[in-house]
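Student: The structure is given below, and queries will be raised subsequently.
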Amino acid sequence: MARWHLSLTIPGPEDGADAPLFQRIAWAIADEIRRGRLAPGAPLPGSRRLATELGVHRNTVIAAYAELRAEGWIEATTGSATRVAAVLAGTLPPTPQAFAPTRLGVPLEAGFDLPGPAPATSWPEPPRAQYLLAGGFPDLRQVPTQALARAWRRAITRNPAALLAYGDPRGDDRLRAALAEMLATLRGLATTADDVLVTRGSQMALDLVGRTLLSSGDAVVVEALGYQPAWAAFRAAGATLLPLPVDAAGLRVDLLPDLLARHRVRAVYVTPHHQYPTTVTLSAARRLQLLNLAATHRFAVIEDDYDHEFHYEGRPVLPLASADPHGVVVYLGTLSKVLAPGLRVGFVVAPAALLERLAELRTRVDRQGDHITERAVAELLEDGEVQRHARRMRRVYAERRDVLGEALRTHLGDAVSFELPSGGMSLWARLDDALPAEALAAEALKRGVGVYIGRRFAFDDAPLQALRLGFGGLEPAALREAARRLGESAGVVGGRRAP
Ligand SMILES: Cc1ncc(COP(=O)(O)O)c(C=O)c1O
């Protein structure tokens, strides 16, 4: 019998290993082999002897050996002696850390080359604050979760064979039909289910469209100020971004011909309904000019209509896509505002030639969306629940907008100037120069109020004397309190008493 020199260290719960004992013994032996302390072909002690040495039941060692044999670490040879497998010779480098899959952690550094430096985060998290005015988030406490849960349950129990299987990469057919119907009746888009591709939020749509439409070096015109996550998606697709300013009538389309003369522009990304972040609506004249330029120069207009439902002055303005005879508009929508961002339901409407390619790319990325959730949302659209919720929330948000506007006037006076937005869930407030935005935001955060400063939306990262204040998620009383604290912060930063 061969001499047994090894003293095994069996990892235990204190090492983060809480697997059964036989498994941990097997790991310890495999680790010895991996470290080269047990050579290929080396004999192992009999199970009885090892059990005695380790002070465990023999069956535990038998189970450990069986495990090691199944994994190919050891082999039983003639005469029933157990040996380290011979074929392992020279194939395994010793590992610097214990082999057992404990919770010792994944190495921080990759053992392989990564291309370039880590990318900057495309959308930093909002500040943690008691009163979060940052971001145009909907009020999630009011989402019809019971109806959604019932619809989800119906979807998974009634249709498991269809909805739990691989399905259409364009999305659940009932949701595509329900969205098409909504677009036709409320947004003036004469669509059918075949014109719609459901995505996981508009962010996926931006990424798919970017990667399908753009090649390295292609120029994309973007609004500046604008929506960074869209820029990140286009940049990742290799595009060069050309910023175009915005004013009180939205994107300065009048400046576009000059860019078109100097660059081969492949796409223009716009938020015409409520410009992000300034909330203004693109004027009718600029809409027409944009569509005409697109048709002439054959570029795509990527229209991001992220909060269509929430328009407070009259009816919502119809999307560019509703007046697009030339097939230049790629229309993106989302249920993130009207229902909830965590559902990750967005969609694209585009000419069939593009939609087909988007579906193909989607198949490669994700295969398909979450058809159960999609079916549940389809039911909520079919029975009017989403539309009722939207109508109710429009009144709620309109009131909150007015409350915030009034509270800002009360507590900040002429230190801020703004127009009440005609839609959306945020207010764009310009700040007096005596009130530096970053200092004000920092002071407000100390008082529990989180805001986004204008710089966050700047293309050139230049400081900007403005705040974007979201009012969707806070009740009127909380909005008043947040504005009061903001006023207090302004008093500290501006060196004067709030009005
Ligand atoms: C300009 C813009 N587009 C799209 C979205 C929605 O993104 P998603 O559908 O990925 O949640 C938002 C949400 O804040 C937005 O501001």
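Student: Let me confirm something: among 153, 158, 170, which residue is assigned by TED's automatic domain parsing to the domain that holds residue 372, charged (D, E, K, R) and within 24 Å of the chain's Cα centre (by Cα)?
Tutor: 170
Student: Still on this model: Based on this model, can you work out whether residue 198 counts as within 13 Å of the ligand (Cβ to nearest atom), within 20 Å of the chain's Cα centre (by Cα), more than 25 Å from residue 121 (Cα to Cα) and crowded, with 24+ Cβ neighbours inside 10 Å?
Tutor: yes
Student: Moving on. Which of the residues spanning region 466-499 are within 15 Å of residue 443 (Cβ to Cβ) and either touching a Cys at 6+ places or on another chain (Cβ under 7 Å) or part of a loop (DSSP other than H, G, I, E, B) (or both)?
Tutor: Correct list: 494, 495, 496, 497, 498.
Student: Something else: If you take the residues in region 245-259 that are more than 15 Å from the ligand (Cβ to nearest atom) and buried (at least 22 other Cβ atoms within 10 Å of the Cβ), which one is farthest from residue 213 (Cα to Cα)?
Tutor: So the residue we want is 253.
Student: Okay, moving on. Filter region 343-356 for residues that are surrounded by fewer than 24 Cβ atoms within 10 Å (Cβ to Cβ), farther than 24 Å from residue 398 by Cβ and within 13 Å of the ligand (Cβ to nearest atom) and give the result.
Tutor: Once the filter is applied, which keeps residues that are surrounded by fewer than 24 Cβ atoms within 10 Å (Cβ to Cβ), farther than 24 Å from residue 398 by Cβ and within 13 Å of the ligand (Cβ to nearest atom), region 343-356 yields only 344.
Student: Show the residue pairs that are 6+ apart or on different chains and have beta-carbon atoms under 7 Å apart, the first residue being within region 160-179 and of a type outside the set (S, T, N, Q), the second being exposed (fewer than 13 other Cβ atoms within 10 Å of the Cβ).
Tutor: From region 160-179, the pairs are 166/367; 169/367.
Student: A follow-up question, please. I need the full set of residues from region 40-71 which are touching a helix residue (DSSP H, G or I) at 6+ places or on another chain (Cβ under 6 Å) and of a type in the set (A, V, I, L, M, F, W, C), in order please.
Tutor: Matches in region 40-71: 50, 51, 61, 62, 63, 64, 68.
Student: Taking only pairs six or more apart or across chains, which ones have beta-carbon atoms under 6 Å, a first residue in region 339-358 that is among the basic types (Lys, Arg) and modelled with pLDDT of 95 or more, and a second residue that is crowded, with 16+ Cβ neighbours inside 10 Å and not in a helix (DSSP H, G or I)?
Tutor: 344/200
Student: Another question, if that's okay. Could you please find all residues in region 131-177 being buried (at least 17 other Cβ atoms within 10 Å of the Cβ) and assigned to a helix (DSSP H, G or I)?
Tutor: Passing the criteria: 147, 148, 151, 152, 155, 163, 173, 174, 175, 176, 177.
Student: Give the residue that is farthest from the ligand (Cβ to nearest atom), with candidates limited to residues of region 307-334 that are in contact with a helix residue (DSSP H, G or I) (Cβ under 6 Å, 6 or more places away or on another chain) and part of a loop (DSSP other than H, G, I, E, B).
Tutor: Among those that are in contact with a helix residue (DSSP H, G or I) (Cβ under 6 Å, 6 or more places away or on another chain) and part of a loop (DSSP other than H, G, I, E, B), it is 326.
The values are calculated or read from the model by the stated rules, or taken from the named source; none is laboratory data. For clarity, every value in this text was computed on a predicted model and none was experimentally measured. Every residue, glycine among them, receives a Cβ derived from its backbone with ideal geometry; neighbour counts consider all protein chains shown.
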